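What follows draws every value from the coordinates through simple rules; no lab data is involved. The shown structure was predicted, so the numbers you read here are calculated from the model rather than taken from an experiment. Reconstructed Cβ throughout: ideal geometry from the backbone, glycine too, with neighbour counts over all protein chains shown.
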Ligand SMILES: [Zn+2]
């Protein structure tokens, strides 16, 4: 058997069929996960090979030519046969299989994703992270304690969590600044997410030691200078902690204490005993009802 098609050409035929079905290069591109320009290029390549125009293009729409219609009918049948062949050898498995993990803001998950789920999967819990994993109450106590000690602070900010231990390159440092990030470190994101999952109040007291490496006037700090600043910072941090812990109420009323309340998709009655045991420490109170 002689070879007629290469991979690129078969892909182009599939994109052509998608565009013909959708009546739009943009819709075909969306369905295929490629750019509209690449759909357009693929179809031009096909037209060149065939020596036939497949679409009449205008700025607003595309329309199949007579030749295009004939080609589409035949190609669609051929592609359907290929899909059918694939199904036959993969055991007729036409449904997608496996675990789907979705990480999404809570509100979006509840209002948009939950209604789309056909059924609650049994014996499996799904957790969602809130947008800002910081306790609103804890930040207030930390800031107040710092101010009481006369320590200059900036409230809020965006923390870049880089993989460590290492230092940024100047290019990385400038990139983070262009994103609007305020501080950089290597540990807070993991802590924040674990604390949120355990419904522990979390706050960051970010004590700055240096300008990363972007500042032209501060690019040559010595180890001694860094260590001196570190020592000042840890003394200040202890004072802030003393004040914040003393001022904290014994009973909290912030939303951290029920962060997982709406994060479990599975009905408690459907969760297996084994899963309940495994998650007992974190989810016991939610499994009770
Ligand atoms: Zn809290």
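For this structure, a couple of remarks:
- Cα-projected label distance for residue 218 with residue 281, points at 7 Å along beta-carbon direction, nm: 3.9
- Residue-averaged [θ]222 nm for the chain, counting only DSSP H segments that reach four residues, each worth -39500 (n - 2.57): -15000 deg cm²/dmol
- When only alpha carbons are used to place a centre, the stretch 251-289 and the stretch 169-203 end up 27 Å from one another.
- FRET efficiency for residue 171 and residue 61, using Cβ-Cβ distance with R0 set to 51 Å, rounded to 0.05: 0.70
- Structural descriptor for the chain: relative contact order 18 percent, calculated from alpha carbon pairs under 8 angstrom and at least 6 residues apart.
- Length gained when the stretch residue 194-residue 30 is fully extended (0.36 nm per residue, less Cα-Cα span): 55.5 nm
- Against the main long axis of the alpha-carbon atoms of the chain, helix 188-197 sits at an angle near 90°.
- Distance between the pseudo-spin-label points of residue 112 and residue 274 (7 Å out from Cα toward the beta carbon): 3.5 nm.
- Extension gain from residue 78 to residue 102, taking 0.36 nm per residue of separation minus the Cα-Cα distance: 5.1 nm
- Segment residue 246-residue 226, length gained on full extension (0.36 nm per residue, minus Cα span): 4.2 nm
- Relative contact order of the stretch 7-89, pairs being alpha-carbon contacts under 8 Å that are 6 or more residues apart, as %: 26
- Here the contact order of the stretch 136-255, divided by its residue count and restricted to Cα pairs under 8 Å and six or more residues apart, works out to 36 percent.
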